[in-house]
(Lines give C-alpha, C1' and ligand atoms only; values in the text may rest on other atoms or scores of the structure.)
Protein backbone atom coordinates (compact mmCIF):
# COMPACT_ATOMS: atom_id res chain seq x y z
CA UNK A 1 0.00 0.00 0.00
CA UNK A 2 1.15 3.49 -0.83
CA UNK A 3 0.18 6.38 1.40
CA UNK A 4 0.50 10.00 0.43
CA UNK A 5 0.34 12.54 3.22
CA UNK A 6 2.12 15.37 1.41
CA UNK A 7 -1.04 17.46 1.23
CA UNK A 8 -1.74 17.22 4.96
CA UNK A 9 -0.73 20.38 6.82
CA UNK A 10 -1.68 22.61 9.72
CA UNK A 11 -4.24 25.10 8.41
CA UNK A 12 -2.72 27.91 10.46
CA UNK A 13 0.82 27.56 9.11
CA UNK A 14 0.24 29.41 5.86
CA UNK A 15 -1.84 32.11 7.56
CA UNK A 16 0.79 32.72 10.23
CA UNK A 17 3.73 32.64 7.79
CA UNK A 18 2.03 35.10 5.43
CA UNK A 19 1.16 37.43 8.28
CA UNK A 20 4.69 37.34 9.72
CA UNK A 21 6.07 38.24 6.28
CA UNK A 22 3.49 41.03 5.92
CA UNK A 23 4.41 42.48 9.33
CA UNK A 24 8.19 42.05 8.96
CA UNK A 25 8.76 45.62 7.67
CA UNK A 26 7.26 46.94 10.92
CA UNK A 27 9.92 45.01 12.83
CA UNK A 28 13.10 46.13 11.07
CA UNK A 29 15.19 45.17 14.10
CA UNK A 30 14.09 41.52 13.79
CA UNK A 31 16.47 39.07 12.17
CA UNK A 32 15.21 36.22 10.01
CA UNK A 33 15.68 33.93 13.01
CA UNK A 34 13.55 36.22 15.17
CA UNK A 35 10.79 36.24 12.53
CA UNK A 36 10.87 32.44 12.44
CA UNK A 37 10.73 32.39 16.25
CA UNK A 38 7.69 34.69 16.19
CA UNK A 39 5.97 32.32 13.74
CA UNK A 40 6.72 29.36 16.03
CA UNK A 41 5.46 31.17 19.13
CA UNK A 42 2.25 32.13 17.33
CA UNK A 43 1.67 28.63 15.97
CA UNK A 44 2.22 27.08 19.38
CA UNK A 45 -0.54 29.28 20.81
CA UNK A 46 -3.07 28.18 18.18
CA UNK A 47 -4.89 24.86 18.04
CA UNK A 48 -3.61 22.35 15.51
CA UNK A 49 -6.09 22.10 12.62
CA UNK A 50 -4.86 19.67 10.05
CA UNK A 51 -6.40 19.68 6.60
CA UNK A 52 -5.58 18.47 3.13
CA UNK A 53 -6.94 21.53 1.36
CA UNK A 54 -7.42 24.97 2.93
CA UNK A 55 -10.50 25.58 0.82
CA UNK A 56 -12.20 22.57 2.43
CA UNK A 57 -11.89 24.10 5.86
CA UNK A 58 -13.04 27.54 4.74
CA UNK A 59 -16.09 26.00 3.07
CA UNK A 60 -17.31 24.49 6.32
CA UNK A 61 -16.67 27.48 8.59
CA UNK A 62 -19.42 29.87 9.56
CA UNK A 63 -18.84 33.61 9.30
CA UNK A 64 -18.59 33.72 13.08
CA UNK A 65 -15.88 31.01 13.07
CA UNK A 66 -13.93 32.88 10.36
CA UNK A 67 -14.08 36.04 12.43
CA UNK A 68 -12.92 34.14 15.53
CA UNK A 69 -9.92 32.82 13.55
CA UNK A 70 -9.02 36.35 12.45
CA UNK A 71 -9.19 37.59 16.05
CA UNK A 72 -7.14 34.64 17.29
CA UNK A 73 -4.48 35.26 14.67
CA UNK A 74 -4.23 38.92 15.61
CA UNK A 75 -3.95 38.10 19.30
CA UNK A 76 -1.29 35.40 18.95
CA UNK A 77 0.78 37.42 16.48
CA UNK A 78 0.83 40.47 18.74
CA UNK A 79 1.87 38.24 21.63
CA UNK A 80 4.51 36.43 19.54
CA UNK A 81 6.23 39.56 18.24
CA UNK A 82 6.26 41.07 21.73
CA UNK A 83 7.52 37.86 23.30
CA UNK A 84 10.38 37.49 20.82
CA UNK A 85 11.34 41.16 21.16
CA UNK A 86 11.37 40.90 24.96
CA UNK A 87 13.42 37.68 24.99
CA UNK A 88 15.87 39.07 22.47
CA UNK A 89 16.38 42.23 24.55
CA UNK A 90 17.05 40.13 27.67
CA UNK A 91 19.51 37.92 25.80
CA UNK A 92 21.46 40.99 24.65
CA UNK A 93 21.99 42.39 28.15
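The values are calculated or read from the model by the stated rules, or taken from the named source; none is laboratory data. Predicted, not measured: the structure shown is a model, and the values here were computed from it. Backbone-built Cβ (ideal geometry, glycine too); neighbour counts: all protein chains shown.
A few notes on this one:
- Residue 34 vs. criteria more than 15 Å from the chain's Cα centre (by Cα) and in contact (Cβ under 8 Å) with a residue 24 or more places away in the chain: no
- Residue check for residue 22: out of contact with any strand residue (DSSP E or B) (no Cβ under 6 Å at 6 or more places or on another chain), exposed (fewer than 13 other Cβ atoms within 10 Å of the Cβ), without any contact (Cβ under 8 Å) to a residue 24 or more places away in the chain and more than 30 Å from residue 88 (Cα to Cα): no
- Boolean, residue 51 is surrounded by 13 or more Cβ atoms within 10 Å (Cβ to Cβ) and closer than 24 Å to residue 6 by Cβ: yes
- Selection from segment 55-77 of residues that are surrounded by 13 or more Cβ atoms within 10 Å (Cβ to Cβ) and under 15 Å from the mean Cα position of the chain (by Cα): 69, 72, 73, 75, 76, 77
- Figure legend. Inter-residue proximity from segment 48-66: first residues touching a residue at least 40 places away in the same chain (Cβ under 8 Å) and on the phi > 0 side of the Ramachandran plot, second residues surrounded by 12 or more Cβ atoms within 10 Å (Cβ to Cβ) and in a loop (DSSP other than H, G, I, E, B), beta-carbon distance below 8 Å, spacing 6+ or different chains. No pairs are indicated.
- Members of segment 1-19 found to be in contact (Cβ under 8 Å) with a residue 12 or more places away in the chain, more than 18 Å from residue 69 (Cα to Cα) and out of contact with any strand residue (DSSP E or B) (no Cβ under 7 Å at 6 or more places or on another chain), listed by number: 7
- The lone criterion from (1) modelled with pLDDT of 95 or more; (2) surrounded by fewer than 16 Cβ atoms within 10 Å (Cβ to Cβ); (3) over 13 Å from residue 12 (Cβ atoms) left unmet by residue 84 is number (2).
- Flag if residue 33 is out of contact with any helix residue (DSSP H, G or I) (no Cβ under 9 Å at 6 or more places or on another chain) and either farther than 30 Å from residue 3 by Cα or surrounded by fewer than 13 Cβ atoms within 10 Å (Cβ to Cβ) (or both): yes
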